[in-house]
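The values are calculated or read from the model by the stated rules, or taken from the named source; none is laboratory data. Predicted, not measured: the structure shown is a model, and the values here were computed from it. Cβ placement follows ideal geometry from the backbone for every residue including glycine, while neighbour counts extend to all protein chains displayed.
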Amino acid sequence: MKYIFTAMFFIVASISFAQVKVEGIVKDSIGNPLEIVNVVAINSETNGLESFAITNEAGKYRLDLKKNTKYKIQISSIGYKAISEILETKEKNSVKDFVLKEDNLLDEIQLTYDIPVKVDGDTITYNADSFKKPTDRKLGDLLKNLPGFEVNDAGEVKFEGKTIPKLMVDGKDFFEGDTKLGTKNIPSNAVDKVQLLRNFSEVDQLKGVQDNSDNLALNLKLKEGKKNFWFGDITAGAGTSSDINVTNSSVAIDAGLPSSSTLPGDNLHVFQPKLFYYSPKYSINLIGDLNNIGEVVLNRSDLFRFSSGFRAPSASSGTNIDLGNNDIGFLATQNNNALDVETNLGAANFTYTPKKSINISGFGIFSNNRTILRQNRFSQFVQFEDNPDTPIDESLNTPPDEATVTQTEQASDVGLLKLKGRYKPNARNQLEYNAQGRISKTTQNQDFFSTVTGNTDQFQDITPYSLKQSFNYYYTLNAKNIFAFNSQYLLQDEDPFYNAALENDPTNNDDLNADAFDATANNLGLNRDFNNYNLSQERRVKTNQFDAKLDYWNVLTDKSNINFTLGVISSRQDFDSNFFQLLGNTEDTDRNEFVPTPTINDGLISNDINYRFTDVYLRAHYQFITGIFTFVPGFNLHAYNINNRQFGEQFDDDFFRILPDFSARIKLKKTESINLRYNLRTQFNDVKQFARGLVLTNFNSPFSGNPVLENALSHVASINYSSFNQFNRTTAFGNITYTKSIDQVQSNVDFNSVIRTRTVFNSPIDNESIRATGSFEKRLRRIKGTVGGSFTYNRFNQLILGVPTINENYNQNYFAQIRTNFINAPNIQFRYTYSAADNNQGGRNTKFFTNTPSVEFDAYIFKALTFRTDYSYTRISDEDETLNSFDFWNATLSYRKNSDSKLEYEIRATNLLNTRSRDRNSVSNFSSNFSQTFIQPRYITFRLRYDL
């Protein structure tokens, strides 16, 4: 690692010593300093852009230039006459001031270069060609080069640490603004300008009366040659893979499993058409991806984000109601997290603007995924404490250490369809309608082996659907009075099914050496006379929710307004479940269904519950600006009614609550601010948390709800700092958030061996969490250095065997990165990340440390070859020794005859070192765990790409 830091030091030092600084002040004709003036230095010999700067609030600029070189300096600003002068640098730093004269006419000076970075109010515009490298292929590659931007491996984009949720192309939504689809599919050579929109609002009428300081959006301006023409690329490729050898852990081998198994290799294929069309009236985006090499464009969480639709009207009311998620919890399905991944994706998006007042858009997505996963896991459970108030010694019930081997086959088919219409006849009226449907089918087959419970076959299946609609209307009566109506309706139907078949020895049910599941089987009332326990549960959850609000703003002055909101949330959930056992031995073909009667949980094993929730609320907020401060104090007055009816009993809860909130913004400079927020939130639960009958989502964790469960309160306070300083070429941000939860819903867990039976209760002890994040970025010519990190503290409690336990988690993550951005020279990125996890689980304390150095390299060779490679090494340790380590190396070599060529030939290799697994140490509420996830072997594919 010291060699990496040495290389980083010499890269920075070599560039620094070869430079001189030219600095000065830009003023107007009467001597006042001018802020946000663009200063560009163009090498007179090469005619290339050498450096650029933007003046700060004192009118100061600074350029880093080569020694003894002649430059053309261009200075420009909106409303002023641009000027151009010749400057020749010497061996030492120099000072040069400039004066701009006001001019509302077109500049006489023809600017040779587009300004690399231009700040205009809340919009920062980046000229793409000023940052683009020949090795860049997609939008994500380009964004990584821009000041202040961060693009993670999943394609999510952040600016100053804030996630950018919306992406537009020429002002039109790209797949409802999804940045991940954009970063991985839009060609970088189609982009002319990248616009970062701060304080972004979807509704122009509300810009002046709402606090949008946390809202960010990206808008891409296309090059002229890409408009009114189809553009994009089509990639096709093939390859082969060798057989995959999977080894078992020593504990599993000792328990009787084979030392290894072999999965046969397969022929590899990839076909990825990505086509785009943009014109003033309409746009079409088509994305396809068919491959079996683990390149997943949209994973399950992405599809869920798409299907979640639009922002709820009550999102800022202080009420959070959880509708639950009964879908199968899919594991990560990328090539570095699974043995085999096959993806088929088709996505289409359109916008149509027949005239200025009407805009119609929509998208359709179909995704088909097949995944095979294999995982070895070893768990050590918390040492339970004895409760002196009970006659038994609870510490004797501490579960034994458990090693498991899991082989999972997952299949998912998801279809999404959305239609959106907007009608804006004039500046005073805007009408919107949205409709989105989702249907899916998901199955999972799992072979599960445990050194405690033996072999278990599990099967899950769900075919849910949902329809979400929204209607919004915005009306401006006059400059002083603005109205807005927002409504949303959700219809959802979920039907999860679960089956588990466990081994059983019927001869030892009541012995000391009984099977691990025997005691739980007795509690569930199962028939224990056969060589297996075959358990099934059918569930059905139907959800209807209406969410609406009416807003009124009265603009008191240019710097103040008052807002009143009247809103309602009406939610209904119906939950039914049936539990049964198939009687008979494994080899029997004719088996009868048996509905058991548990000896626990008051004998309740099925569910038939109706849950109703109503919230009628009134909000009042006053926003005013004084100097550099913007204050928004307010409150929310709620009238709640919660009702659940089951087993002939009805449980009601009616109450009023005032939820205050407050925000303040301190605008230190045009690009530097501090934001403070506080709010009090009420958290309500989904229907399953109230269900008295047993719910079985896994054989080793039966669950029953609590019909008298109450809501929880959360105090949330945060402070955020952000700075974008083009004079110093720095970007900085920091955030601290504190959350305190009162009456939080927590678990009460009983253990029989490793089988845990769980219910929930409102904790009398408050839960607390603190999260702090921050980063600092410095740019030096073509080098960008970034340091950052985060710290998280969580304190929560639970009951284990009736004994209160308090868990405390401390997690730290830090990183340092240096990245070059040369136009023609090879580029390299060094990154080092360090994380520390300190977990106190009552009777057990664990500490894990993870160190991950990584390097990325790309080069454009002979103006025809593009070589890209990345390597990372991960070492996981505790306080005494290294626990495990693994590394990954990928590489790509591409050939394109010249920059205008339509064809590109590529060979791509993933996992060149043939690493067999990713290892991870983690903790849960009850145990510390080591997991070994087997991944795809070395894959080599040959590809042909055609650019339109």
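Some observations on this one:
- In the set (1) in contact (Cβ under 8 Å) with a residue 40 or more places away in the chain; (2) under 15 Å from residue 45 (Cα atoms); (3) in a loop (DSSP other than H, G, I, E, B); (4) not β-branched (Val, Ile, Thr), residue 68 fails one condition alone, (1).
- Taking the criterion of being over 19 Å from residue 644 (Cβ atoms) and either in contact (Cβ under 8 Å) with a residue 24 or more places away in the chain or of a type in the set (Gly, Ala, Ser) (or both), the residues of the stretch 589-615 that qualify are 591, 594, 596, 597, 598, 599, 600, 603.
- If you go through the stretch 444-499 and pick out every residue that is crowded, with 17+ Cβ neighbours inside 10 Å and among the hydroxyl-bearing types (Ser, Thr, Tyr), you end up with 10.
- Counted residues, the stretch 556-573 - those being out of contact with any helix residue (DSSP H, G or I) (no Cβ under 7 Å at 6 or more places or on another chain) and either assigned to a loop (DSSP other than H, G, I, E, B) or surrounded by 17 or more Cβ atoms within 10 Å (Cβ to Cβ) (or both): 9
- Hey, residue 880 within 26 Å of residue 793 (Cα to Cα), among the acidic types (Asp, Glu) and assigned to a strand (DSSP E or B) or not: no
- Within the stretch 250-260, if we keep just the residues that are surrounded by 14 or more Cβ atoms within 10 Å (Cβ to Cβ) and closer than 15 Å to residue 934 by Cβ, the residue that is modelled with the highest pLDDT turns out to be 257.
- Matching residues in the stretch 862-900 - criterion: being of a type in the set (Ser, Thr, Tyr), under 21 Å from residue 825 (Cα atoms) and touching a strand residue (DSSP E or B) at 6+ places or on another chain (Cβ under 8 Å): 866, 869, 871, 892, 894, 895
- Flag for residue 695 being among the aliphatic types (A, V, I, L, M), surrounded by 15 or more Cβ atoms within 10 Å (Cβ to Cβ) and within 18 Å of residue 719 (Cβ to Cβ): no
- Of all residues in the stretch 147-164, those satisfying the criterion of being modelled with pLDDT under 85, in contact with a Leu (Cβ under 9 Å, 6 or more places away or on another chain) and not in a strand (DSSP E or B) are 148, 155, 160.
- Members of the stretch 427-461 that are in a strand (DSSP E or B), under 30 Å from residue 378 (Cβ atoms) and hydrophobic (A, V, I, L, M, F, W, C): 448, 449, 459
- Looking across the stretch 339-358 at every residue that is farther than 24 Å from residue 274 by Cβ and not acidic (Asp, Glu), the one that is nearest to the chain's Cα centre (by Cα) is identified as 339.
- All conditions but one from (1) in contact with a Leu (Cβ under 9 Å, 6 or more places away or on another chain); (2) more than 26 Å from residue 676 (Cβ to Cβ) apply to residue 742; the one that does not is (2).
- Taking the stretch 707-813 and the strands (runs of 3 or more DSSP E) fully enclosed by it, the elements with 2 or more residues that are touching a Lys or Arg at 6+ places or on another chain (Cβ under 7 Å) are at 712-725, 730-742, 745-752, 767-780, 783-800.
- Residue in the stretch 183-202 that is outside any strand (DSSP E or B), of a type outside the set (D, E, K, R), at pLDDT below 85 and in contact with a strand residue (DSSP E or B) (Cβ under 8 Å, 6 or more places away or on another chain) present: no
- Strands (runs of 3 or more DSSP E) contained entirely in the stretch 900-948, each with at least 2 residues that are in contact with a Gly (Cβ under 8 Å, 6 or more places away or on another chain): 903-910, 939-947
- Qualifying residue in the stretch 765-776 (condition: out of contact with any helix residue (DSSP H, G or I) (no Cβ under 6 Å at 6 or more places or on another chain), farther than 30 Å from residue 572 by Cα, in contact (Cβ under 8 Å) with a residue 60 or more places away in the chain and crowded, with 20+ Cβ neighbours inside 10 Å): yes
- In the stretch 650-664, the residue that is nearest to residue 148 (Cα to Cα) out of those that are surrounded by fewer than 19 Cβ atoms within 10 Å (Cβ to Cβ) and under 30 Å from the mean Cα position of the chain (by Cα) is 664.
- For residue 119, the conditions (1) in contact (Cβ under 8 Å) with a residue 60 or more places away in the chain; (2) surrounded by 12 or more Cβ atoms within 10 Å (Cβ to Cβ); (3) out of contact with any Leu (no Cβ under 7 Å at 6 or more places or on another chain); (4) farther than 30 Å from residue 201 by Cβ are fulfilled apart from (4).
- Among the candidates 923, 855, residue that is aliphatic (A, V, I, L, M), within 24 Å of the chain's Cα centre (by Cα) and at pLDDT 95 or above: 855
- Number of the condition not met by residue 896 [criteria: (1) modelled with pLDDT under 90; (2) more than 16 Å from residue 873 (Cβ to Cβ); (3) surrounded by 18 or more Cβ atoms within 10 Å (Cβ to Cβ)]: (1)
- Every residue from the stretch 208-249 that is touching a helix residue (DSSP H, G or I) at 6+ places or on another chain (Cβ under 9 Å) and either among the basic types (Lys, Arg) or surrounded by fewer than 15 Cβ atoms within 10 Å (Cβ to Cβ) (or both): 221, 223, 225, 226
- Residue selected from the stretch 805-842 under the condition surrounded by fewer than 17 Cβ atoms within 10 Å (Cβ to Cβ), under 21 Å from the mean Cα position of the chain (by Cα) and among the hydroxyl-bearing types (Ser, Thr, Tyr), by the criterion nearest to residue 870 (Cα to Cα): 834
- Filter pass, residue 653 being modelled with pLDDT of 95 or more, closer than 18 Å to residue 319 by Cα and assigned to a strand (DSSP E or B): no
- Failed item, numbered, when residue 605 is tested on (1) in a strand (DSSP E or B); (2) at pLDDT below 95; (3) out of contact with any Lys or Arg (no Cβ under 7 Å at 6 or more places or on another chain): (1)
- Hits in the stretch 900-911 (condition: within 28 Å of the chain's Cα centre (by Cα) and either aliphatic (A, V, I, L, M) or loosely packed, with under 13 Cβ neighbours inside 10 Å (or both)): 909
- Being modelled with pLDDT of 95 or more and closer than 27 Å to residue 327 by Cβ is not true of residue 520.
- Single match in 878, 858 (criterion: within 30 Å of residue 338 (Cα to Cα), crowded, with 18+ Cβ neighbours inside 10 Å and acidic (Asp, Glu)): 858
- Scanning the stretch 660-676 for residues that are touching a residue at least 60 places away in the same chain (Cβ under 8 Å) and either over 19 Å from residue 159 (Cα atoms) or not β-branched (Val, Ile, Thr) (or both) yields a total of 7.
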